[in-house]
Amino acid sequence: MMLPGKFMVSISLFLSPVVLADDHAFSISDAWVREAPPIQRILAGYMQIRNDADTPRKITAVNSAIFGSVEIHKTVIKDGMARMEAQHALVIPAMGTTVLEPGGVHLMLIDPQKPLQAGDKVTLELQIAPDETQTIIAEVRRSEGVEPDHSHHHH
């Protein structure tokens, strides 16, 4: 049976939002970088990452033109001492949220090209497997409470 053209158009318009919704299933909120003294060579970055897709998503790298390098780290307590362990990737579970926060998973922002102060903006580019990138803007903020010292971290 042949369907009229108008009917076919209305079907494709009806299906389009379903496809587009999957493209926007990965979202970042509350991205920020901890302010540090100008001599500090390593800063920390935090954010909330939401994955509304039915499958896990993986961040394989983070880049920024303002830093020499960016690494994904996880704070672990071993023998009563906090250590920073580099992570090769960050998996965001299907229909889940991963929070990068002080004392947990976070970004290590190494060798800033200039001192950063509260209110400054930092551009970060997330590499998402298999071949996506997402650019976000993180605000530099003063930390509340005690700041961990990232200058003597160990892998």
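The table that follows gives values for the structure above.
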| quantity | calculated |
| --- | --- |
| Counted residues, region 84-131 - those being more than 18 Å from ILE39 (Cβ to Cβ), among the charged types (D, E, K, R) and without any contact (Cβ under 8 Å) to a residue 60 or more places away in the chain | 3 |
| Residues of region 102-126 classified as modelled with pLDDT under 95, of a type outside the set (Gly, Ala, Ser) and farther than 18 Å from ARG41 by Cβ, total | 1 |
| Residue satisfying all of: in region 30-74; among the small types (Gly, Ala, Ser) and modelled with pLDDT under 95; nearest to ILE110 (Cα to Cα) among these | ALA36 |
| Failed criterion for ALA53 (all others in (1) closer than 25 Å to LYS121 by Cα; (2) touching a helix residue (DSSP H, G or I) at 6+ places or on another chain (Cβ under 9 Å); (3) of a type outside the set (Asp, Glu) hold) | (1) |
| Test result for GLU101, within 18 Å of ASP30 (Cβ to Cβ) and acidic (Asp, Glu) | yes |
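The values are calculated or read from the model by the stated rules, or taken from the named source; none is laboratory data. Just so it is clear, the structure is predicted and the values come from calculations on it, not from any experiment. We place every Cβ from the backbone using ideal geometry, glycine too, and count neighbours over all the protein chains shown.
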